[in-house]
1. Where a ≥ b ≥ c are the square roots of the eigenvalues of the C-alpha gyration tensor, would you call the range A:1-81 rounded, which needs a/c under 1.5, or, failing that, prolate if a/b is larger than b/c, or oblate?
2. Count charges around B:A273 for me, please; just the other residues with Cβ under 12 Å from its Cβ, Lys/Arg as +1, Asp/Glu as -1.
3. Using alpha carbon centroids, what distance separates the range C:26-57 and the range B:520-541, in Å?
4. How many angstrom lie between the Cα centre of the range B:323-347 and the Cα centre of the range B:255-309?
5. For the range B:620-648 and the range B:119-171, compute the distance between their C-alpha centroids and round to whole Å.
6. Shape call for chain B from the C-alpha gyration tensor, a ≥ b ≥ c root eigenvalues: rounded (a/c under 1.5), prolate (a/b greater than b/c) or oblate?
7. Search the structure for amide H atoms under 5 Å from the amide H of B:L94, placed 1.01 Å from N in the peptide plane, and list their residues when 5 or more places away or on another chain.
8. For chain C, run through the GluC sites (Glu not before Pro) and keep only the ones in DSSP coil with at most 15 other Cβ atoms within 10 Å of their Cβ.
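Where a number appears in this text, it was derived from the coordinates with a stated rule and is not lab data. Bear in mind the structure is a predicted one, so any value in this text is a computation, not a measurement. All Cβ positions, even for glycine, are placed from backbone atoms using ideal geometry, and neighbour counts span all protein chains on display.
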Amino acid sequence: MSSQEIAFVIVAVAGTIGAFRVVTARNVVHAALYLVVTLSSTGVVYLLLAAEFVAWVQILIYVGAIVILFLFGLMLTKAPIGREALDNQRRGVAFLVGLAVFGGLFYLLQDAFPWTASDVEPVQGSASSIGTSIFADFVLPFEAVSFLLLAALIGAVVLSRKDDAP
Amino acid sequence: MVAAILLQGEEAAEHVAAAPNWFVENAWLVVLLPMISAALTLFVGKRTPGKGSVYGIAAVGASLILSLGVLWQFVQNGGATYESSVDWFQIGPLHMEVGQLVDGLTAVMMIVVTAVSLAVHVYSIGYMHGDQRFTWFFVVLSLFTAAMLNVVIANNLFQLLVGWEIMGVCSYLLIGHWWEEHVNSSSAIKAFITTRIGDVPFMFGIFVLVAATGFETTNIREIGELVAGGELAVGLVSISALLLFGGTIGKSAQFPLHVWLPDAMAGPTPVSALIHAATMVAAGVYLVGRLFEIFVHAEAYVLQVVGVVGGITMLGAGLLGLVQDDIKRVLAYSTVSQLGYMVAIMSIGPIGRDAAFFHLFTHAFFKALLFLGSGSVIHACHTNNMSEMGGLRKPMPVTFWTFLIGAGALAGIPPLAGFWSKDELLVGASEGHEVLFVVMVLTAVVTAFYTTRMVMQTFFGAYRGHGHPHESPLSMTGPLVALATATLFVGWLGAGPVGAAFFDWVFFEEPEAVHLVAWVATLSIGVALLGVIAGFAVYRRWRDRDPIRSLGPVYTLLENKYYLDDIYWKGIIRPIRDPIAAAVYWFDQNVLDGVVNGAAGVTKGSAKVVNAFDQKVIDGAVNGSANLAGFTGGLLRYIQSGNVQRYAAFLFAGVVVLAIIFTRI
Amino acid sequence: MIRLPLVLTFSAVLFSTGVYGVLARRNAVLVLMSIELMLNAVNINLVAFSQHLQQVTGQVFALFVIAVAAAEVGIGLAIVILIYRNRETINVDEVNLLKW
């Protein structure tokens with residue numbers, strides 16, 4: 001196990017704990033904060049995987065914007081606090097399903113991909129390379145995503161507008 | 001083989017009719033005219049002036065003239081037989097034809113039928129005057145005449161059978177003409193049923209005969225030739241002859257089926273004169289004579305049976321005529337007796353056949369005369385019983401003298417017709433048939449006796465009734481005179497001394513030579529006079545207690561008609577009718593109605609079952625499937641919980657399952 | 001280099017946790033958070049594969065996923081606020097009108 005892997009394992013464990021706490025926290029704000037932990041660890045994982053641009057975008061967008069959005073949403077909806085208030089009756093079934101999903105995924109991946117290390121040079125995920133790839137091969141999806149964001153923006157504004165009688 | 005003979009026969013018929021003339025060729029018109037008049041009278045009779053009698057009289061009169069023409073031409077052609085026919089239809093090899101067989105016998109019979117029928121038609125105008133069913137009476141009279149003429153002219157057995165049956169029906173209709181009285185209707189039924197009992201063997205005789213020819217022919221001449229040629233099995237021929245004779249026993253009122261004729265006197269007197277004296281009852285005798293070929297070539301016992309039956313009938317009926325009070329019944333039994341004469345004499349062979357026909361010929365005239373005369377008397381006295389008559393010769397002279405002529409003929413007094421014909425009978429029997437001869441002689445005595453008794457009781461002595469008898473109108477006395485004249489003269493047609501022309505006309509295979517045998521003639525005159533004188537002596541004065549009663553137990557036996565009617569009723573009819581009627585009734589009520597009701601019940605029950613099935617099973621299935629759909633829907637709808645997380649749970653679980661499946665397979 | 005299965009395992013863990021959260025949490029906002037977890041797991045997968053396959057396409061896709069996730073969260077929260085406004089609650093168990 002190389003040093004990168006050890007670092008990775010540590011970060012992964014942190015992220016996993018964060019994820020568990022997200023889904024089991026009794027306090028919604030705690031859940032949001034644990035989400036921050038998980039998202040950050042994901043960003044670090046990206047860095048470890050030599051995807052710099054994605055890592056920073058992750059931190060920027062997820063931790064910087066989306067979590068803020070969540071907190072605003074929690075605030076505006078006055079979420080209750082407490083186990084009975086936050087988890088529903090189907091915890092058992094949900095746990096089983098989650099376990100089944102994990103089991104299935106794990107089985108598939110360990111069956112499909114080798115555990116041996118491979119010494120290959122990782123691709124540098126720098127901004128320039130990603131930018132080149134987007135604007136050379138994926139212009140159309142890029143534009144479509146722009147539209148999507150525009151639609152989301154307008155939609156959010158429309159949806160949350162108070163219906164005042166004229 | 002049979003076909004070859006038939007072909008020969010057809011060619012022979014062509015050659016035999018050497019020079020056919022109009023009357024002979026169109027002899028069938030004689031049958032057609034009364035049929036047309038019957039239809040005309042039926043449809044337009046009531047509106048015709050005279051209420052329809054004119055059609056019948058015109059038709060029968062014309063037929064009489066045609067019949068005379070036929071006879072004249074027949075004689076002119078040297079006695080050649082003429083036959084012609086029309087094919088009606090065909091069943092296999094069997095041709096059903098409608099045709100005419102015209103020989104001397106046909107001509108003579110046609111003359112008899114049309115003459116007597118004409119007399120009766122004219123007589124009925126007066127006798128049935130004012131009757132509510134006057135027109136219908138004439139319809140049936142004409143129809144009957146047509147049927148009898150059809151029998152006489154028929155050239156094949158089935159045509160003969162058709163005419164035979166129609167005559168039976170007409171007899172029934174006419175006897176029951178005044179059916180409002182129960183006696184009349186039951187007499188009509190008795191007549192019809194009894195003759196039917198004779199008709200059944202008759203039909204079977206025809207069937208056997210036709211079958212014996214191999215179903216090739218029903219033609220009388222062809223059958224005769226086959227029989228004469230020995231082509232048919234003798235046993236079958238004998239059986240068919242006996243069966244055919246059964247028809248004669250029924251129709252001609254021979255023992256033991258004679259019981260219907262005296263009761264048939266319930267019908268109007270013209271009917272008795274026409275049907276039960278001259279024509280229909282003679283049809284049985286005609287049948288045997290026409291089919292004589294068969295009887296001659298059958299085994300000997302057949303003719304012996306014929307003779308025995310005839311003998312019993314003639315003497316038995318004659319004795320019964322002694323004890324009757326009803327004048328028509330005397331004449332009825334006399335008819336039966338005379339028919340017995342005819343049947344019996346046929347049994348001796350060809351000579352007997354010719355003699356029988358001669359007697360039939362003369363008997364028709366004088367018996368019809370006697371009946372019409374009695375009708376005149378009855379009309380005047382309003383009663384049939386001789387005990388309420390008497391001394392009628394002064395108020396009714398025409399009736400008296402004509403009746404006397406008829407009575408003399410019946411008794412056999414020369415030179416009246418009856419003498420000549422009876423003499424022929426006795427001559428025939430005298431040669432070799434002693435028993436028959438003796439019976440005939442005895443019957444002749446009895447005949448003369450009861451005839452005289454009848455005349456004395458009716459016309460002599462003092463009037464014992466309560467009315468005012470007077471002579472009948474011309475429409476009634478005219479026919480009486482005509483028939484009396486005929487009686488005086490027709491006898492000479494068969495008289496030996498003057499040529500016996502009759503026997504040139506009516507013969508079997510070849511004309512017989514007829515001669516007067518002195519001792520037979522003397523004997524017949526003697527016994528006739530014996531009977532007359534005895535009757536005169538006994539009945540000169542009226543005695544309240546009929547002298548015949550002094551016969552004691554014999555009288556009782558005769559009075560009860562040998563108890564035959566009782567035997568038939570109690571021994572045959574009641575035991576058959578009652579249990580059978582009860583059984584049939586039970587069958588009808590329980591079995592037939594049971595079947596019908598059962599079918600209805602089954603239908604109802606099956607309808608109930610089907611209904612229940614429909615209600616419970618089919619509707620149940622339909623409703624049940626609807627309920628099932630509703631039920632499962634009711635269960636399945638809980639899947640739609642509205643809870644998105646539940647849906648998501650299923651989704652993820654399903655994805656895992658599918659992933660495993662798709663990667664494993 | 002980090003071995004691929006390790007990364008994928010981490011991703012699977014995150015994904016399963018996200019699934020559990022989606023199914024078990026009552027608060028709609030927490031459900032949205034769990035969905036974000038799932039999306040992140042997918043992103044990790046994409047990036048890991050992009051390294052494994054020596055291509056940058058995976059990272060490009062990860063970017064797109066992030067963008068879509070952001071849009072989705074925006075809209076999702078707007079809807080949650082709308083529900084809160086109408087029903088005074090964002091308990092997903094109580095938003096079940098579309099039921100039998």
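1. Details: a/c = 5.86, a/b = 1.71, b/c = 3.41.
Oblate shape, in that a/c is at least 1.5 and b/c is the bigger or equal ratio.
2. Numbers: positive: B:K328, B:K367; negative: none.
Local charge sum for B:A273: +2.
3. Centre-to-centre distance over Cα atoms comes out at 157 Å.
4. 11 Å
5. Computed from Cα coordinates, the inter-centre distance equals 93 Å.
6. Details: a/c = 2.84, a/b = 2.15, b/c = 1.32.
Here chain B falls in the prolate category.
7. none
8. Working: sites: C:E36, C:E72, C:E88, C:E94; in loops: C:E88.
Listed in order of number, the matching sites are C:E88.
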